[in-house]
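One structure below.
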Amino acid sequence: RSTLFPYTTLFRSLELIYLKNNLSEHRYIHSLAVADCARKLARVYSFDEKKAYLAGLIHDCGKGKEKDFLSGKFLYPIKIDKWTQKILPVLHSKLGAVIAKEEFHIDDKDILNAIAYHTTGRFKMSDLECIIYLADMIEPNRTYPRVEILRETATKGLYFATLLAMDFSIQYLMELSEMIHPDTIQARNTLLEKVR
């Protein structure tokens, strides 16, 4: 299991209490693992480790709030695009960005975007957005096919590794005949340009 140290003192207990009270144990452990993985990737790519850790820690804070949104009981006003309304597995990321802003008083746009787009990616992703997208897919508890390929690639180029992760995700969705959010297509195209 991932631990919170040495970074736990950097965060108010508010975030940790919220996650403990609102996420399943599995999701809580996943959040700790993503935070730790994001910190390690940040070190590799000379990014702010504290910022990456925090974004990773709270990236899934919107999990479990989808029913509240769909029933009109979500506490905060939010506009959701038509694709997110159709592709519900990405909804929690948008809700999570709002929770991070309203509950945790985070106003760093890069952190909020990393949360909002960690399931889809988007046009011209920032380094933090790539780090969280990638960390979410390769944290140690993940066991899906080809995850080891991603783990081996993760330190060999941030944009290349994120592109590969996105390709795997798109292939998986296509195999299931699921919709692909337009943000994912735009993200892949801009990552491909960077890599080339």
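Numerical summary
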quantity: Conditions (1) assigned to a helix (DSSP H, G or I); (2) closer than 15 Å to Ile87 by Cβ; number of the one not met by Leu163; calculated: (2)
quantity: Test: residue in segment 32-42 that is in a loop (DSSP other than H, G, I, E, B) and among the small types (Gly, Ala, Ser); calculated: no
quantity: Residue match in segment 61-81 (condition: within 19 Å of Arg142 (Cα to Cα) and modelled with pLDDT of 95 or more); calculated: yes
quantity: Segment 94-110, subset among the aliphatic types (A, V, I, L, M) and open to solvent by 10 Å² or more (accessible area, probe 1.4 Å), residue nearest to Arg43 (Cα to Cα); calculated: Ile106
quantity: When residues of segment 120-142 are limited to those that are free of Cβ contacts under 8 Å to residues at least 40 places away in the same chain and within 14 Å of Phe168 (Cβ to Cβ), the one most open to solvent (accessible area, probe 1.4 Å); calculated: Arg142
quantity: All helices (runs of 4 or more DSSP H) inside segment 47-98 with 1 or more residues being farther than 24 Å from Leu128 by Cα, out of contact with any helix residue (DSSP H, G or I) (no Cβ under 7 Å at 6 or more places or on another chain) and among the basic types (Lys, Arg); calculated: 66-70, 82-86
quantity: Any chance Thr155 is buried (at least 18 other Cβ atoms within 10 Å of the Cβ), of a type in the set (Val, Ile, Thr), in contact (Cβ under 8 Å) with a residue 24 or more places away in the chain and in a loop (DSSP other than H, G, I, E, B); calculated: no
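The values are calculated or read from the model by the stated rules, or taken from the named source; none is laboratory data. Computed from a predicted model, the values in this text were never measured in an experiment. For neighbour counting, all protein chains shown are included, and Cβ atoms are generated from backbone atoms with ideal geometry for every residue, glycine included. Protein only, heavy atoms only, side chains kept; ligands, DNA and RNA dropped before computing areas. Shrake-Rupley method; radii C 1.70, N 1.55, O 1.52, S 1.80 Å.
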